[in-house]
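Let me begin by presenting the structure, written as structure tokens, before commenting on it.
No lab work stands behind these numbers, since they all come straight from the coordinates. All values derive from a computational prediction rather than experimental measurement. FYI the Cβ positions are ideal-geometry reconstructions off the backbone, even for glycines, and counts take in every protein chain you see.
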Amino acid sequence: MLSTGPRVLYYSRTVSYGWQFAVSEVYIGGPTGAERLRYVQAYAFPEHEPLDQVRQLGERYESARWEDDDALRRRIDDLRADMLQHYRDFLATLVARGRLTAADSQSLAQPAIDVRIVDARKDKSRLLPAIK
């Protein structure tokens, strides 16, 4: 058990060896990013059910109709800015509720935002622009 706080989180580790065939396997499992966010939200906002704010902070799926390279880049920049704002608002609430120090909040203020694009265009003869 990793934690018994507002939500129980489990951590598992399995190690197995195949001595006969010289094969080994290690599996380490633990809470996902979304589970960790749900834990923090339950800690900071025990009165909120269901945990709807986590959806805005964790994973997010969006669709965009293809126009051109610049429009795609602008859309991605807008989505990143929106996710970052939700995240920073969440940190500010944790600080206001005494669940996080201002110094810790500052050290966490720039999360990694991973953008993955699934190209569903019919005509893929033109490559999508590079996304940073």
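Laid out as a table, the results:
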| quantity | calculated |
| --- | --- |
| Separation in nanometres of the label points that stand 7 Å from Cα toward Cβ, at Thr93 and Ile113 | 1.8 nm |
| Relative packing of 70-77, 123-130, 86-93, which averages over residues the other C-beta atoms within 10 Å, highest first | 86-93, 70-77, 123-130 |
| Where only C-alpha atoms are counted, convex hull volume of region 32-107 per residue in Å³ | 105 Å³ |
| Sites Asp123 and Ser63 - FRET efficiency at Förster radius 22 Å, r taken between beta-carbons, to 0.05 | 0.80 |
